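Everything below concerns the one structure shown next.
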Amino acid sequence: MEPAIKYRLIKTEKHTGARLGELITPHGTFPTPMFMPVGTQASVKSLAPEELDAMGAGVILSNTYHLWLRPGEQIVKEAGGLHQFMNWKKGILTDSGGFQVFSLAKNRDITEEGVHFKNHLNGSKMFLSPEKAIQIENDLGPDIMMSLDECPPFFESYDYVSKSVARTSRWAERGLKAHQHPDYQGLFGIVQGAGFKDLREQSAKDLVSLDFPGYSIGGLSVGESKAEMNHVLDFTTPLLPENKPRYLMGVGSADALIDGAIRGVDMFDCVLPTRIARNGTCMTSHGRLVVKNAAYAHDFGPLDDNCDCYTCRNFSRAYIRHLIKADETFGLRLTSYHNLYFLLHLMKQVRQAIQDDNLLEFRQDFFEMYGFNQK
Ligand code: GUN
Ligand code: ZN
C-alpha cells in the first residue's frame, strides 16, 4: 500500500539544515517549508475558503477536540468529511485533541488508558483515548491526522517527562493500530521530551521504529525562550528520517519560522497571525504594528509598504484603524487576511532563499528590518 502522505526532498540548503521539498497529499502537492493557517472549528476565523486559496494557503489545520464536542464528528462524517463540510479542496490536518484537552478542559486526569476531563462548553465528563482520537479523526477525514500525545510543561521534572514520553509512545502505537484509513489519511507521531536531549532521542527512536509517514515536534513554544526552542530543534530534527515531513506544532512568529526552517522543519502552524489580527496587531516587514494606535489615525499608507496582499493594495492604516475601533468586522477580516498572507509570503521567500543557498543572508536582512537584534 502506498502511504497517504509522502514527502519529496528537492534540496538541502548549502549552509544550513533547511530543506526545500514537497508535501504530497490526497488533496494536492504543496511546497515546503510551509505555514498552515489554523481553522480550529472548521473555519479560519473570518475568512472564506476562496480567500485562503487566493492568498496561497495549501494545508489548513483543524481541531479534533473542538469538532468532537461541537458539532460532533458524526455530523461532519454525514456531510462527507471535513473537506466537503467546510468546502476546502486542498489539504487539511487535524490535531489530536491532546494539547487542547491540556489547555482548555477542566479537571483532567491522565491515565494509561487516556485522559478524563470535563468538557469546557458544558462541564460534562469526557474521556479521550488514543483509539477514540483516531476514530474521530477517521470520521472527520483530514489528509493528515495526529496521534494522541501528552505535551508536558517545558520545565516539568525529568522523571515526569520520562514517564510521559514513554506513555506518548505507547499511545502512538495504539493509535496506529486503530487507524482505519492509512491509504488516504496519513497519521503522524509526535516527538515530545521537553528540553531533555536523551528523552527527545528516546521519543524519536520509539516513533521512527513505528514508521509513521511524518513526524511532529511537540512540546515547544510553551513558555521556553527562543534560544531554548532552537536548541531543542538543533538536536531533534537530525533524529528524524530525511524522507518524511517534519512538522513543528504551534509555532508561528516570523522569526521562529525562519529559525525552524534553518533547522530542517518543513511544516508550521499557529493561531498567532489570526489571533493578533483580531485585536488589531499586524505582522509587517518592519515588525509588529498595532494599527489601532492613535499614531495611525491620519496614516493613509498600507499596513506594510512591502506587502502586495489584497488588504495592502486596497486599504489604508487609517481606514483599518477606524473599522477596528468601530467594531466593524470587516476590519478584522482585513488584518487577518494580511497577517496570513504575510506568513505565507515569508515562507515563499524562505523557499527561494533555500533554492539560492542564501538563507542565512535572508535571515540577517529580515531580522534587521523586522527589528530583531538576535544573532
Ligand atoms: N500544538 C502545539 N503543541 C502541541 C503538542 O505538543 N501536541 C499537540 N498534540 N498539539 C500541539
Ligand atoms: Zn498586506
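As a summary of the residue check, residue 251 satisfies the conditions (1) in a helix (DSSP H, G or I); (2) within 16 Å of ligand 1 (Cβ to nearest atom); (3) among the hydrophobic types (A, V, I, L, M, F, W, C) except for the one numbered (1). Among residues of the range 273-301 that are closer than 14 Å to residue 255 by Cβ, those with a Cβ under 6 angstrom from a residue that is among the polar types (S, T, N, Q) and within 14 Å of ligand 2 (Cβ to nearest atom), sequence gap 6+ or separate chain, pair up as 273/339; 283/339; 285/306; 288/281.
Can you name the residue in the range 254-273 that is outside any loop (DSSP other than H, G, I, E, B) and farther than 26 Å from residue 357 by Cβ and is also farthest from ligand 1 (Cβ to nearest atom) among such residues? Result: 273.
If only residues of the range 203-248 that are among the basic types (Lys, Arg) and not in a helix (DSSP H, G or I) are counted, the one that is farthest from the chain's Cα centre (by Cα) is 244.
The set of residues in the range 135-145 being under 19 Å from the mean Cα position of the chain (by Cα), within 16 Å of ligand 1 (Cβ to nearest atom) and within 18 Å of residue 72 (Cα to Cα) consists of 137, 140, 142, 145. Evaluating residue 180 against the criteria (1) within 16 Å of ligand 1 (Cβ to nearest atom); (2) part of a loop (DSSP other than H, G, I, E, B); (3) not hydrophobic (A, V, I, L, M, F, W, C) leaves one unmet condition, (1). Contact annotation: residue pairs with Cβ atoms under 6 Å, 6 or more positions apart or on different chains, pairing a residue in the range 183-201 that is farther than 19 Å from residue 28 by Cβ with a partner that is part of a helix (DSSP H, G or I) and within 10 Å of ligand 1 (Cβ to nearest atom), are 192/168. Is one or more of the residues making up the range 314-323 loosely packed, with under 15 Cβ neighbours inside 10 Å, touching a residue at least 40 places away in the same chain (Cβ under 8 Å) and over 17 Å from residue 37 (Cα atoms)? No, the conditions are met nowhere in the range 314-323. The one condition from (1) among the acidic types (Asp, Glu); (2) without any contact (Cβ under 8 Å) to a residue 24 or more places away in the chain; (3) crowded, with 19+ Cβ neighbours inside 10 Å that residue 304 does not meet is (2).
Where residues in the range 181-202 are under 20 Å from the mean Cα position of the chain (by Cα) and polar (S, T, N, Q), which of them is nearest to residue 23 (Cα to Cα)? Restricting to residues being under 20 Å from the mean Cα position of the chain (by Cα) and polar (S, T, N, Q), the top hit is 185. In summary, residue 213 fulfils each of the numbered conditions (1) within 16 Å of ligand 1 (Cβ to nearest atom); (2) more than 23 Å from residue 75 (Cβ to Cβ); (3) in contact with a Gly (Cβ under 6 Å, 6 or more places away or on another chain) with the single exception of condition (1).
Surrounded by fewer than 24 Cβ atoms within 10 Å (Cβ to Cβ) and closer than 26 Å to residue 330 by Cβ: does that describe residue 287? It is true that residue 287 is surrounded by fewer than 24 Cβ atoms within 10 Å (Cβ to Cβ) and closer than 26 Å to residue 330 by Cβ.
Listed here are the helices (runs of 4 or more DSSP H) enclosed by the range 45-129 that have at least 1 residues being modelled with pLDDT under 95 and either among the polar types (S, T, N, Q) or surrounded by fewer than 13 Cβ atoms within 10 Å (Cβ to Cβ) (or both): 98-104. Identify the residue in the range 223-242 that is surrounded by fewer than 19 Cβ atoms within 10 Å (Cβ to Cβ) and closer than 25 Å to residue 344 by Cβ and, among all such residues, is nearest to ligand 2 (Cβ to nearest atom). Only one residue fits best here, namely 226. Put simply, of 21, 81, 56 the only residue that is more than 18 Å from the chain's Cα centre (by Cα), touching a residue at least 24 places away in the same chain (Cβ under 8 Å) and over 25 Å from residue 125 (Cβ atoms) is 81.
For residue 303, state whether it is outside any loop (DSSP other than H, G, I, E, B), modelled with pLDDT of 95 or more and touching a strand residue (DSSP E or B) at 6+ places or on another chain (Cβ under 6 Å). Considered against the rule, which asks whether it is outside any loop (DSSP other than H, G, I, E, B), modelled with pLDDT of 95 or more and touching a strand residue (DSSP E or B) at 6+ places or on another chain (Cβ under 6 Å), residue 303 comes out as no. The one condition from (1) among the charged types (D, E, K, R); (2) over 19 Å from residue 214 (Cα atoms); (3) modelled with pLDDT of 95 or more that residue 183 does not meet is (2).
Selection of the range 316-353 for residues being more than 16 Å from residue 283 (Cα to Cα) and outside any helix (DSSP H, G or I) yields 326, 327, 328.
When residue 122 is tested against (1) away from ligand 1 (no atom under 16 Å from the Cβ); (2) under 24 Å from the mean Cα position of the chain (by Cα), exactly one condition is not met: (2).
The values are calculated or read from the model by the stated rules, or taken from the named source; none is laboratory data. Not measured: the values here are computed from a predicted model. Neighbour counts are summed over all protein chains in view; Cβ atoms, including those assigned to glycine, are modelled from backbone coordinates with ideal geometry.
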